[in-house]
Amino acid sequence: MKKVKLSLSLLLVMTMLFLAACGNNSNNAGSSNSDGNTGEEASLEPMTIRLASGDANPQWDNMQSDIGKVIKEKTGITIEQEFPVGGSDADMFALMVASDEYPDIVMPKGNVNKLVDAEALIDLRPLLEEHAPNIMKVYGEYLNRLVYSAEDDSIYTLPLDGVGQTYFDAGGGFQIQHQVLEELGYPEIKTVKDYENAIKTYLEQNPTTEDGQPRIGLSLNGGEWQILISVTNPAFYATGAPDDGEFYVNQENYEVVMHYQRPEEREYFRWLNHMNNIGLLDKESFVQKYDQYKSKIASGRVLGIIDQDWDYAEAENALKAQGKFNETYANFPVTLDETYKEASFMGTGYLASYGIGITIDAKDPVRIIKFLDYLASDEGQILVNWGIEGQHYTVDENGKRVIIPEVLEQKVNDNNTFKKQTGIGNYFMSARYGDGVLDSTGNYYTTNFPEQIIAQYTEADKKTLAAYGKTVYKDFWPADDEFEERAYGAGWTINFDTASDANVIFQKSQDVMKKYIPQAILADPADFDKIYDEFMAELDKINVAKMNAEYSELIKKRVDMWSK
């Protein structure tokens, strides 16, 4: 069945290519230019495309925003976006595979292998070469990083990470409320002990909020899948390792272990156990739902969290909307002790990871790739990042784009509705340049650059940063050039073959982790080592050594493939 559907899809593509070639003449054949024209007459006939996204987006505007309307006007395309409902993104894509029915395009997060194994995605390379000069220009020298594997050189998805990305600010680390820092005279926050002491001291002096609610020292978003983000990933950050997913990769020989197997990380979890024992850890950290976690933060009760800004932004924006800026958070690169260097920003080169693909059931792959190519054009990128000139930004006498003050205020203080109302930031669906890349006019493609980042800080942020002699939060982190770039990108972008023994072991290891990590943290300190030893024994029992060895080989293959 799959091969029949794939053949029909390819036949459709070939037919469209033939018709397009017949319709071309010397006047309309050409190359890309910066205004979004691909050199072909793209149809503006109304067309609806179904898009299944593995990431929920409560601010999706259904193309009713002004940005959405401009995109429809320019392309004729209406996007109907679908998100996981009542389950995980893995469930959503598993159901597609089981039913053998697919939307036109997909953004499958970590489920690409599942779709490729089901032969659900088409190879985009021919479409890119024939119809997508803007996309080809953006990826440029990194096009080889889009290749699926050493054994299969197809391009199944277009990565959505910005090419040429420079990180000007930090959105992760350990967070602590501005009011805590201010009252304590802006103490040094470098180690977990520093962080603990600040929370402990403030909580002892201020046990309740102004409206009488009990304050919480540290809350972790550990009740759902974000246990990886809020509980376990910080263990490798705090002990000097970068994010390679569930693995620690030796940078010298690319040998791999599950990162929980590192003795250093045991000590990090021991510290969380200690925080629980002295009453500073939220007792509901491993049973609360995501909405409960956000609600606590939005109440202003939670003094400290350990998270990524995209995970708690909605709750923090609610505080801003209430004018409770001192109850929002500053970020610090906290480590277990000062012998470790926080490695969040260890380089990856271009990170060809989470992306968008066209399925075998797509009605018109050529039309879709032309739509994505428009989004990748200079015109498209400026539209999705900056908005509409005169409405969302102006161009000053020096030719520089400037966000209109009222728009900037809305973006900073009411961010939970900004994307839905304006559409800005809702259409990152194609190849694009990252922060720090300049267009032909000398302007940044994105609005994330130092001057703009500072302009978007609240007064509480600026006051805290000034107290520590910093300009942006990233100034607290080690400089990028203190680390060597990882030749394989990042481990979390590399997945096992879904049919492999290693993948079965990996799934089992996740169940084991979710059982033992909460147990170890919530245990009596006297039982911590016993439980952690049981955790390590269970990992050995399911043969993680075999999984580690296979993952090491995948890392080495990636290094070899990307070095060519």
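Before we move on, is I216 among the aliphatic types (A, V, I, L, M), at pLDDT 95 or above and over 29 Å from S88 (Cβ atoms)? So that I can check it myself, show each step before the final result.
Values: among the aliphatic types (A, V, I, L, M): yes; at pLDDT 95 or above: yes; over 29 Å from S88 (Cβ atoms): no.
Taking the combined requirement at face value, the residue does not satisfy it.
For residues that are within 30 Å of G355 (Cα to Cα) and in a helix (DSSP H, G or I), tally how many sit in the range 476-493.
Qualifying residue count for the region: 6.
Taking G87, is it more than 15 Å from I356 (Cα to Cα) and modelled with pLDDT of 95 or more?
Against the criterion (more than 15 Å from I356 (Cα to Cα) and modelled with pLDDT of 95 or more), G87 does not qualify.
Given the criteria assigned to a loop (DSSP other than H, G, I, E, B), assigned by TED's automatic domain parsing to the domain that holds I360 and within 21 Å of the chain's Cα centre (by Cα), does Y102 qualify? Step through it out loud before you land on a result.
Numbers: assigned to a loop (DSSP other than H, G, I, E, B): yes; assigned by TED's automatic domain parsing to the domain that holds I360: yes; within 21 Å of the chain's Cα centre (by Cα): no.
Here the answer is no, as Y102 does not meet what is asked.
Having 3 or more residues that are of a type in the set (A, V, I, L, M) is the bar; report the helices (runs of 4 or more DSSP H) wholly within the range 178-247 that clear it.
Correct list: 192-205.
What do you reckon, is L336 closer than 30 Å to G76 by Cβ and either of a type in the set (G, A, S) or touching a residue at least 40 places away in the same chain (Cβ under 8 Å) (or both)?
When the stated conditions are applied, L336 does not pass them.
Looking only at the range 141-175, which residues are within 22 Å of the chain's Cα centre (by Cα) and among the aliphatic types (A, V, I, L, M)?
Hits for the range 141-175 are L143, L146, V147, I155, L158, L160, V163, A170.
Yes/no matrix, rows are residues, columns are (1) surrounded by fewer than 23 Cβ atoms within 10 Å (Cβ to Cβ); (2) under 26 Å from the mean Cα position of the chain (by Cα); (3) on the phi > 0 side of the Ramachandran plot:
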{"position": "T232", "(1), (2), (3)": "yes, yes, no"}
{"position": "P242", "(1), (2), (3)": "yes, yes, no"}
{"position": "Q251", "(1), (2), (3)": "yes, yes, no"}
{"position": "H274", "(1), (2), (3)": "yes, no, no"}
{"position": "F286", "(1), (2), (3)": "yes, yes, no"}
{"position": "Y293", "(1), (2), (3)": "no, yes, no"}
{"position": "A298", "(1), (2), (3)": "yes, yes, no"}
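Considering only helices (runs of 4 or more DSSP H) fully contained in the range 381-460, which possess at least 3 residues that are surrounded by 19 or more Cβ atoms within 10 Å (Cβ to Cβ)? Give the derivation first.
Values: elements: 405-413, 415-422, 450-456.
The qualifying helices (runs of 4 or more DSSP H) are 415-422.
Evaluate the range 125-140: report whether one residue or more is under 20 Å from the mean Cα position of the chain (by Cα), modelled with pLDDT of 95 or more and within 25 Å of I382 (Cα to Cα).
Yes, there is a match, as at least one residue in the range 125-140 is under 20 Å from the mean Cα position of the chain (by Cα), modelled with pLDDT of 95 or more and within 25 Å of I382 (Cα to Cα).
Of the residues that sit in the range 253-272 and are in contact with a Ser or Thr (Cβ under 7 Å, 6 or more places away or on another chain) and more than 20 Å from E338 (Cα to Cα), which one is surrounded by the most Cβ atoms within 10 Å (Cβ to Cβ)?
In this case the residue turns out to be V256.
Among the residues of the range 83-99, count how many are surrounded by 14 or more Cβ atoms within 10 Å (Cβ to Cβ) and farther than 14 Å from W225 by Cβ. Step through it out loud before you land on a result.
Here is the first cut: in the range 83-99, the residues surrounded by 14 or more Cβ atoms within 10 Å (Cβ to Cβ) are 83-84, 88-90, 92-94, 96-97.
With the extra rule that they be farther than 14 Å from W225 by Cβ, the set shrinks to 83, 93-94, 96-97.
Within the range 83-99, residues that are surrounded by 14 or more Cβ atoms within 10 Å (Cβ to Cβ) and farther than 14 Å from W225 by Cβ number 5.
Hey, can you tell me all the residues within the range 123-177 that are in a loop (DSSP other than H, G, I, E, B) and within 30 Å of L220 (Cα to Cα)? Walk me through it before giving the result.
Initial filter on the range 123-177 (in a loop (DSSP other than H, G, I, E, B)): 123-124, 132, 147-157, 160-162, 164-173.
If the condition is that a residue be in a loop (DSSP other than H, G, I, E, B) and within 30 Å of L220 (Cα to Cα), then L160, D161, G162, Q165, T166, Y167, F168, D169, A170, G171, G172, G173 are the ones that fit.
The values are calculated or read from the model by the stated rules, or taken from the named source; none is laboratory data. Bear in mind that the values here come from a model prediction, so they are computed numbers and not experimental data. Note: ideal-geometry Cβ built from the backbone for every residue, glycine included; neighbour counts use all protein chains shown.
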